[in-house]
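Some notes on the structure that comes next.
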Amino acid sequence: MAAALDITSNPEIDFSQYSPQQLLTTLYGHQGFKPQQQDIITRVLNREGPTLGIMPTGGGKSLCFQIPALLQENLTVVVSPLIALMKDQIDALTKKEIKVARFVNSSLSEQDKEEILDLVVQKKIKLLYLSPEGLKSERILEVLKQIKIDLLVIDEAHCISTWGHNFRPDYLRLPTVMKEFGNPQILALTATATIEVEKDIQQQLGITCQVFKASFDRPNLYLEVVPLAENVKKELFLLNLLQKLTGPTIIFVTYQRTAEKLAQLISATGVSCLYYHAGLESEEREKRQNAFISGECDIIIATIAFGMGIDKPDIRTIIHYNLPQSIENYYQ
């Protein structure tokens, strides 16, 4: 067993002496990998070609690139559309005294972005999270073209598929970016993908992946659809339901105005809750996310901008106030 690791004093420490299992145990406190994790990590580290991992939320997708990022010599770039998820993962790594991971997105000032890019140039960053919009930044691309990139991770990979939910046109730049980055190893990850979407992801990226699928059987989850009669007001039903629930709860809605309206309605009953959507300033979004993660507030009403990869182990209820557009969207 390897001794406790400390990379804070020397960001360029050589991790090659450690195995993925040793990092898993020492840094993350897990004794064993979840299904598909070890196979994906091994394939990435052996540089065996493009990889597509389809693993449910909570299945451990982030370890599939965080461990290789620490073990490999050069930079790992993660493209993710979820700002809240980036912050959550960086915060979790920082708590483990891993300070060689950063993100660059619209929540940062230009000065902060430049400071992080300077650290990238100095090779003091091992793991860099980018928003897909960041792929259009000439400054970011200019810096990354100077750096050796070992691994390019495409998180929420279904966003590149016109057949999938949450299509993001900025993802279509990825094939060009892959070439500009010197064709690094590619790891695409998503929580859900139909066979059609799975094929389309590879076609849009212009690559052929080995596909790893984890089981979607989640025996610890209870799913229920509640049909309401025409004479039942959905708002009142929600208020009554919340009185019966315990533990942190996320209520997903489609529109920003719905989030604000419901938060006002629930708060009027004396229950502490917050709303979260992309229309809020970045500092306010961060403040509200922290309040929910820390337990200061147990109910958050959010659009999909909040994301579902939030690492909060005591969440007990997820409510979809508005009907998701598809089964894949619901499961995601």
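The values are calculated or read from the model by the stated rules, or taken from the named source; none is laboratory data. Worth saying up front: this structure is predicted, and the values here are computed from it rather than measured. For neighbour counting, all protein chains shown are included, and Cβ atoms are generated from backbone atoms with ideal geometry for every residue, glycine included. Ligands, DNA and RNA are excluded from the accessible area calculation, which covers all protein heavy atoms including side chains. Shrake-Rupley method; radii C 1.70, N 1.55, O 1.52, S 1.80 Å.
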Alpha-carbon spread of segment 136-176, three principal axes, descending order, Å
34, 21, 13
Can you compute the equivalent ellipsoid semi-axes for segment 1-157, i.e. the square root of 5 times each eigenvalue of the Cα gyration tensor, sorted largest first and rounded to whole Å?
24, 18, 15
Can you show me the helix-derived [θ] at 222 nm for the chain, built from DSSP H runs with n ≥ 4 at -39,500 (n - 2.57) apiece and divided by the number of residues, rounded to the nearest 500.
-10500 deg cm²/dmol
For Ile301, residues with placed amide H under 5 Å, excluding near neighbours:
Ile251, Leu274, Tyr275, Tyr276
What residue among Lys234, Lys213, Lys199 has the largest mean-square fluctuation in a Gaussian network model of the chain, using Cα springs under 10 Å?
Lys234
How high is the FRET efficiency from Ser106 to Ile195, r the C-beta distance, R0 41 Å, rounded to 0.05?
0.75
How large a share of the accessible area of segment 11-118, in percent, is made up of carbon and sulfur atoms when the probe is 1.4 Å and the other protein chains stay in place?
46 percent
21 Å Cα-Cα threshold exceeded, pairs from Lys87/Lys145; Lys95/Lys287; Lys95/Lys126; Lys113/Lys179; Lys96/Lys213; Lys87/Lys244
Lys87/Lys145; Lys113/Lys179; Lys96/Lys213; Lys87/Lys244
Can you give the FRET efficiency for Leu239 and Lys287, using 1/(1 + (r/R0)^6), R0 = 45 Å, r = Cβ-Cβ distance, to the nearest 0.05?
0.95
Based on alpha-carbon atoms only, what is the radius of gyration of segment 154-265 relative to the globular estimate 2.2 N^0.38 Å?
1.51
Distance from segment 160-203 to segment 229-289 (C-alpha centre basis), Å:
33 Å
So if I place +1 on the C-beta of Lys and Arg and -1 on the C-beta of Asp and Glu, and nothing else carries charge, what would the dipole magnitude of the chain be about its Cα centre? I want it in debye, nearest 20.
360 debye
Along segment 35-40, Karplus-curve 3J(HN,Hα) (6.51, -1.76, 1.60; θ = phi - 60°) to the nearest Hz, with x for Gly and Pro, reads x, 6, 4, 5, 5, 5
Please list, in order along segment 216-224, the HN-Hα scalar couplings obtained from phi with the Karplus expression 6.51 cos²θ - 1.76 cosθ + 1.60 (θ = phi - 60°), rounded to whole Hz, x for Gly and Pro.
9, 6, 10, x, 7, 9, 10, 10, 8
Taking Cα atoms of the chain, Rg/Rh with Kirkwood Rh, to two decimals?
0.97
Within the chain, what's the longest stretch lacking GluC sites (Glu not before Pro) that sit in DSSP loops with no more than 15 other Cβ atoms inside 10 Å?
98-223
Return the equivalent ellipsoid semi-axes of segment 218-332 as a descending list in whole Å, where each equals the square root of 5 times an eigenvalue of the C-alpha gyration tensor.
21, 17, 15
What per residue convex hull volume, in Å³, do the alpha-carbon atoms of segment 81-137 yield?
77 Å³
